[in-house]
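In what follows, a single structure is set out as structure tokens and then discussed.
Nothing in this text is a laboratory measurement; each read-out follows from the coordinates by a stated rule. Quick caveat, the model's predicted, so the values are computed rather than measured. Here Cβ is always computed from backbone atoms with ideal geometry, including for glycine, and neighbour counts include all displayed protein chains.
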Ligand code: PEP
Ligand code: MN
């Protein structure tokens, strides 16, 4: 089995917390919302990378699909004004080109994109020769090979800063979670590829604020390297994923209450 030669996650950015925490709103809604949220998150002192969705994959047409190019300017301002590295989702070669041009520091492949090898390959081809950290969310369906296949496509394009994001799996069954955690999938990935960092996305697993600290603690107990948590200055008014976003203050408390594994604390 192939062993990925991955650059350790604590070398990706000048300042990486334990756990690596990626936080920010589901969607970049306005310059004010993006900057105000970033400034509050910066003040917590716990956030390693700021996230905001620039292009949003929506299940049904006619909903807010992201501001696109203009929102990249807001991320540039976040970098300039807070010093935090920034990240957004990319789904096409054009997204990659625009995000790189804007100086976005890390990119992620969304769950709806990982299912499509053509799309992941298009992203990988657009990245050839670029040394940027890349995160690959699990596909919406619990297919470990498809998840690893997406990672391999980026790795084969020369990317060495790669992590997987576990964001849960779509299910027909009714459950307390928006996407089933199915931890056995992340554990299987870790077992096959112990060298690959895994970041857990409690927001998209839970679909509600209430369960986020439980899933975050579970991620720490399972020795996962990072968390991606959606945070909004005014969660109830969020344009997307309003039920699962938390204020920067709530996020700070939640992270402060996590018990880290002894060897790493
Ligand atoms: C997101 O991170 O806002 C998102 C759309 O996530 P996912 O691809 O996990 O659904
Ligand atoms: Mn979201």
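Based on DSSP, what percent of beta bridges with both residues in the chain are antiparallel, to the nearest 5? Given both bridge residues lie in the chain, the antiparallel proportion sits at roughly 5 percent. Could you check which residue among 172, 118, 64 shows the biggest mean-square fluctuation in a GNM of the chain with a 10 Å Cα cutoff? Looking only at 172, 118, 64, the biggest GNM fluctuation is shown by 172. Here segment 203-246 and segment 1-32 have alpha carbon centers that stand 16 Å from each other. Each peptide in 124-133, 20-29 receives the mean, over its residues, of other Cβ atoms within 10 Å, and ordering these scores from highest gives 20-29, 124-133. Indicate the gyration tensor shape class of segment 64-139 (rounded, prolate or oblate), computed on the Cα atoms with a ≥ b ≥ c the square roots of the eigenvalues: a/c under 1.5 is rounded; otherwise a/b larger than b/c is prolate and the rest oblate. Note, shape of segment 64-139 comes out prolate.
The overall shape of segment 223-265, judged from the alpha-carbon gyration tensor, is prolate: a/c is not under 1.5, and a/b is greater than b/c. Put simply, the Cα atoms of segment 70-205 extend 42, 32, 25 Å along their principal axes, the longest span coming first. Remark on segment 20-105: Rg and Dmax equal 12.4, 38 Å (Cα only).
Judged by the ratio a/c of the largest to the smallest principal axis of the C-alpha gyration tensor, the chain counts as rounded, that ratio being less than 1.5. When the alpha-carbon atoms of segment 71-113 are used, the pair Rg, Dmax equals 10.5, 32 angstrom. Here the residues 5, 241, ranked from fewest to most Cβ neighbours within 10 Å of their Cβ, fall in the order 5, 241. Exposure proxy ranking for 177, 4, based on other Cβ atoms within 10 angstrom of each Cβ and starting from the fewest, stands as 4, 177.
Exposure proxy for 249, 180: other Cβ atoms within 10 Å of each Cβ, ordered fewest to most, give 249, 180.
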